[in-house]
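S.K.: Below you will find the structure I want to go over with you.
Just so it is clear, none of the values below were taken in a lab; they were calculated from the coordinates. Note that the structure is a prediction, hence the values are computed from the model and not measured. Using ideal geometry, Cβ is built from the backbone for each residue, glycine included, and neighbour counts are taken over all protein chains shown.
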Amino acid sequence: MKGSMIIVGFFILGIIVGLSHLLPPMKSLGNVSYITLCALIFMVGFLIGNDAEIFRKFRKLNRLYMLLPLMTIVGTLAGCAITTLMLPHRSLADCLAVGSGMGYYSLSSVLITQYRGADLGTVALLANIVREVITLLGAPLMVRWFGKLAPISVGGATTMDTTLPILTNACGKDFVIVSIFHGFIVDFSVPFLVTFFCEI
Amino acid sequence: MLQIISIMAAGIGAGWLLRRHNFKLVGILLTVLVWALLFFLGIEVGENEQIINSLQALGLEALLLSLAGTAGSILGAWALWRFIKRKEGGGQ
C-alpha cells in the first residue's frame, strides 16, 4: 500500500511539473523516459539471470497461464461492450475499437484517428493511458484482491515493456515469463483488433 | 520491440555471469527507477496540451471505457487464476 502511494505521489508530482512547465519540455530532454525504461528492463533481465532457480521455475509453470491473453481480450471487449449502453452516441464497434487498444495508446489512438477521426482517437488515447496508469498504480492492490494474474491482464499490451518492472515487483519474478508472453501476444493482436472494429 | 527484447537478453546474460554475487542494490535501484518512470510519465501527460484540453469533453467517456475494460480483464484473469489454483489443489 505504501509503495502504491509513493508511486501515485511521483505521478501526480510529474503532472504538476508538466502543467506548470517548471522543467524544459520532455522532448528537449531527449528520450529520458525511454532510457529509464531500458535501464529498468535491463535490471529485470539481470534479476532473472541472477536467480539460479528461475529457469527450473519456468519449466514448472502451469501451461494454463498461456490462456491469459485470451482472457484479457475477451474480458476487455465484454467490459467495453457493456459501456455502449451508457454511451448512446457511440456505436458498439466504436467502444470495442477503443477497448482493443489494451493500453497501447500510441498505436491505437493513431489508428482510430485515421479510421474514425480525431474525436474517437482522443478518447482512445485517454482511455488507454488511463489503463496503463491504473496498472502502474494499482498492481499491488489487484494482486491482493484478485490474484497475481489480474494486474498482468489489466496491463494488456504493455506487460512486456512499460509495465513489466512494476509487475515484476508486484507479482514476483516467477511471473515475469507470464507477463512477457502475455504482452507479446496482446501487443500483436492490437493492430488487428483495432482495424477490424474500425472497419465494421 | 526488438530493442526491448535484446536489452532484456543482455540483462539476463549479465545477471547469469554474475550469479555468484548477491545484488540487493539492483532491487532498490529498480524501485527508484520505477518512481522516476512514473514522474516522467506524469510530466508527459501534464505538458501534453491535447490531453489536458480534451479532458473535460472526452475525459469521462474515456475513463468509463478504461474502467470497463479494466474490470472485464480483471474478471477474466481472476477466473483463470482461481481455476488454476483449484486444479493445483489447495489454492493460495
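S.K.: For peptide A:75-85, compute the average count of partner chain beta-carbon atoms within 10 Å of each residue's beta-carbon.
M.R.: 6
S.K.: Based only on the alpha carbon positions, what is the Kirkwood hydrodynamic radius of segment B:1-88, in angstrom? If you can, show how the numbers build up before the last one.
M.R.: On the way: mean 1/r = 0.0565 Å⁻¹.
Taking every pair of different Cα atoms in segment B:1-88, averaging 1/r and inverting gives 17.7 Å.
S.K.: A further question on this structure: Once you place label points 7 Å from the Cα toward the Cβ at A:Val32 and A:Met66, how far apart are they in nm?
M.R.: Going from the A:Val32 label point to the A:Met66 one covers 4.3 nm.
S.K.: If the cut-off is a Cα-Cα distance under 15 Å, which aspartates and glutamates reach B:Lys24, setting aside same-chain residues fewer than 8 apart in sequence?
M.R.: Of all the aspartates and glutamates, those that pass the test against B:Lys24 - Cα under 15 Å, at least 8 places apart if same chain - are A:Asp51.
S.K.: To the nearest 20 debye, what is the magnitude of the charge dipole of the protein assembly as shown about its Cα centre, counting +1 on the Cβ of each Lys and Arg and -1 on the Cβ of each Asp and Glu?
M.R.: Working: 20 positive and 14 negative charges, 291 e Å.
I would put it at about 1400 debye.
S.K.: For peptide A:112-120, what's the mean number of Cβ atoms from other chains within 10 Å of each residue's Cβ? Mind showing how you got there, number by number?
M.R.: Values: counts 0, 0, 0, 0, 0, 0, 2, 4, 2.
Across the residues of A:112-120, the mean count of other-chain Cβ atoms within 10 Å is 1.
S.K.: What's the exposure ranking of A:Lys173, B:Lys87, going from fewest to most Cβ atoms within 10 Å?
M.R.: On the way: A:Lys173 16, B:Lys87 9.
Going from sparsest to densest Cβ surroundings: B:Lys87, A:Lys173.
S.K.: Could I ask something else about it? At a 10 Å Cβ-Cβ cut-off, how would you order A:Ser109, A:Ser153, A:Ser20, fewest neighbours first?
M.R.: Details: A:Ser109 25, A:Ser153 32, A:Ser20 10.
Taking fewest neighbouring Cβ atoms as first place, the list is A:Ser20, A:Ser109, A:Ser153.
S.K.: Next question. Tell me, rounded to the nearest percent, the portion of alpha carbon pairs in chain A spaced more than 29 Å apart. Could the numbers behind the result be given before it?
M.R.: Numbers: 5728 of 19900 pairs.
Result for the distance tail: 29 percent.
S.K.: Averaged across A:5-14, how many Cβ atoms of other chains sit within 10 Å of each residue's Cβ atom? Please report the intermediate quantities before stating the final value.
M.R.: Working: counts 0, 4, 6, 2, 4, 9, 10, 4, 6, 13.
So the per-residue partner count for this stretch is 6.
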